[in-house]
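What follows is calculated from the coordinates using simple rules that are stated; it is not laboratory data. Computed from a predicted structure; not experimentally measured. Please note: Cβ atoms are built from the backbone with ideal geometry, for glycine as well, and neighbour counts cover all protein chains shown.
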Amino acid sequence: MLPSDIGWNGRASARDLPAADYWFSITLKNGREFKGHFALKR
């Protein structure tokens, strides 16, 4: 995502994801890693 993006619509592979808790891990090209979680509410 870019700072200019409006956000995420709660979809993956053209399907709505169910309301749930999701965990993520992101590794940037410079090696920095971000981990966290969020609750998707519908």
Problem set entry | Cβ-based exposure ranking for LYS35, LYS29, in which fewest neighbours within 10 Å come first | LYS29, LYS35
Exercise. Once phi is turned into θ = phi - 60°, what whole-Hz ³J(HN,Hα) does the Karplus curve with 6.51, -1.76 and 1.60 give for every residue of the range 29-41, x standing for Gly and Pro?
Worked result: 4, 7, x, 5, 10, 10, 10, x, 8, 8, 10, 8, 10
Exercise. For the pair LEU2 and TRP23, what calculated FRET efficiency results from E = 1/(1 + (r/R0)^6), where r is the Cβ-Cβ distance and R0 = 30 Å, to the nearest 0.05?
Worked result: 0.85
Exercise. What translational diffusion coefficient, in µm²/s and rounded to a whole number, does the Stokes-Einstein relation yield for the chain at 4 °C and a viscosity of 1.567 mPa s, taking the hydrodynamic radius as the Kirkwood radius over Cα pairs?
Worked result: 106 µm²/s
Exercise. Working out 0.36 nm times the residue gap between PHE34 and ALA14, then minus their Cα-Cα distance, what length gain in nm do you get to one decimal?
Worked result: 4.7 nm
Seminar exercise, completed: Contact order relative to length for the chain, counting C-alpha pairs under 8 Å separated by 6 or more residues, stands in percent at 34 percent
